[in-house]
Amino acid sequence: MKAILVILDGLGGRPTDLDGATCLERAATPNMDGLAQRGALGLMDPIRPGVRPGSDTSHLAIFGYDPFQVYTGRGAFEALGIGMEVRGGDICFRTNFATVEERGGELIVVDRRAGRLAEGKELEGAVNGIDLSDLGVEFSFRASTEHRGALVLRGENLSAAVSDTDPHETGVPIAQAKALADSQAARRTAEILNAFSRRAYQALKEHPVNRRRRESGKPPGNALLLRGAAVMPHLRPVTEEYGVRGACVAGGALYKGVARAAGLEVLDVPGATGDLRTDLCAMAKATLAALSDYDFVFVHIKGTDNAGHDGDAQAKTDFIERIDREFFGTLLAGLDLTQVHLVVSGDHTTPPAAGEHTADPVPALFVGPAIRPDKCQKFSERAAGEGGLGRFSGRLVPQLLAYCDFGPKFGA
Ligand code: ZN
Ligand code: ZN
């Protein structure tokens, strides 16, 4: 038996989004409605009722973790999501290549994103060549898209209780990292970051990429700003707990990161992006292909949330229709529904009328041979409120895998 979880980010909506209807209610979704007719619906509070979820905390809850226990910040998952090796206890930072100018012995930030440079990968080696061995710490750096990247510190006696070196404004010096806790580990980590800032500038200022950029009038990426220190939590992979092989099909780094933390292998899907341009057919084909090697596939589609944040109810409705046609159309054409359990839901509600995540519950659809159908005819918030699954909190992955009879028994 195979399991598929499809999360449409920020799927849920409010009746105020489209003059009495949500985007999901308004959208024509024959494929998802067909699944609703075969399966059962319910309303899910991703974390618990009344908690307004972030995408990271809600995904932890969906995978069965308690985010109040394990969540330390998004930095660790971002680092995992761009393919870095991150172990429990490592300290992770999000980074920006930035442009600084030496003035009066200080490094003044003039562009926090170095003109959104495209040469981050070419600068990566110079950063990784910085020597911090005198400080007794190992580190690795990886550039991701444009000016973005992540830094991971590993060693004894480190702490995430340190302030950012990113000043979050221009015309001021690179910030000095400071200890945010009265501990030797925090003070030591702040010292390491300040040494790293100075050495990164030395390693980058005359780099051929930056010389070339200066010659063509572009701002050089001659500094690296750090923010969002987070310690990687020790998580038991769900794949280990349930004894399954799992894969992830996603575009956004954060979701790939949570999936890796949960023990899933992140598949490379050309065309899959974390926005409305993502290739939904390619994501469906990758999901089908993964079913021959894996027991469980987690699919994350981000664009619904983007349209919600933009306050664009029409874009969200159109994208839901595209998901139904392109993703589910392709997926269902290749799927034997007697051999798979499928869950479709969101990680929170992002009503275009609110433009932000809200605490409202999200519709969830379960379908598969072990699932008793209810009377719902359509996949929507309204139908889900009358669905046979009632209202529950998070834990979609444990529920889905349990329907497939994976996992241990608790008790005798
Ligand atoms: Zn989200
Ligand atoms: Zn969002």
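Here are some notes:
- Spread of Cα-to-Cα distances over 10 Å intervals beginning at zero, given as percent, for the chain: 5, 21, 28, 22, 15, 7, 1, 0
- In the stretch 80-230, the inverse of the mean reciprocal separation of distinct Cα atoms equals 15.3 Å; this is its Kirkwood hydrodynamic radius.
- Proximal aspartates and glutamates relative to residue 378, as straight alpha-carbon distance under 15 Å, when same-chain residues fewer than 8 apart are discounted: 25, 33, 321, 324, 386
- Loop-resident chymotrypsin sites (Phe, Trp or Tyr not before Pro) (DSSP state other than H, G, I, E or B) in the stretch 315-412 with no more than 13 further Cβ atoms inside 10 Å of their Cβ: 410.
- Percent of beta bridges antiparallel (DSSP, the chain, rounded to nearest 5): 60 percent
- Between the amide H of residue 362 and those of 44, 45, distances stay under 5 Å, these residues lying 5 or more places away or on another chain, with hydrogens modeled in the peptide plane.
- Amide proton proximity set for residue 223, modelled H, under 5 Å, gap of 5+: 98, 100
- Low-density loop positions, trypsin sites (Lys or Arg not before Pro), the stretch 316-412 - DSSP coil, at most 13 other Cβ in 10 Å: 375, 409
- Across the stretch 122-128, rounded Karplus estimates of 3J(HN,Hα) from the backbone phi angles (6.51 cos²θ - 1.76 cosθ + 1.60, θ = phi - 60°) give 6, 8, 4, x, 5, 5, 5 Hz, Gly and Pro being marked x.
- The stretch 54-104 and the stretch 337-379: distance between their alpha carbon centers, rounded to Å: 27 Å
- Cleavage-rule hits (trypsin sites (Lys or Arg not before Pro)) in the stretch 62-108: DSSP loop, at most 10 neighbouring Cβ within 10 angstrom: 87
Just so you know, all these numbers are worked out from the coordinates, no wet-lab data involved. Not measured: the values here are computed from a predicted model. Glycine gets a Cβ as well: all are built from the backbone with ideal geometry, and neighbour counts include every protein chain shown.
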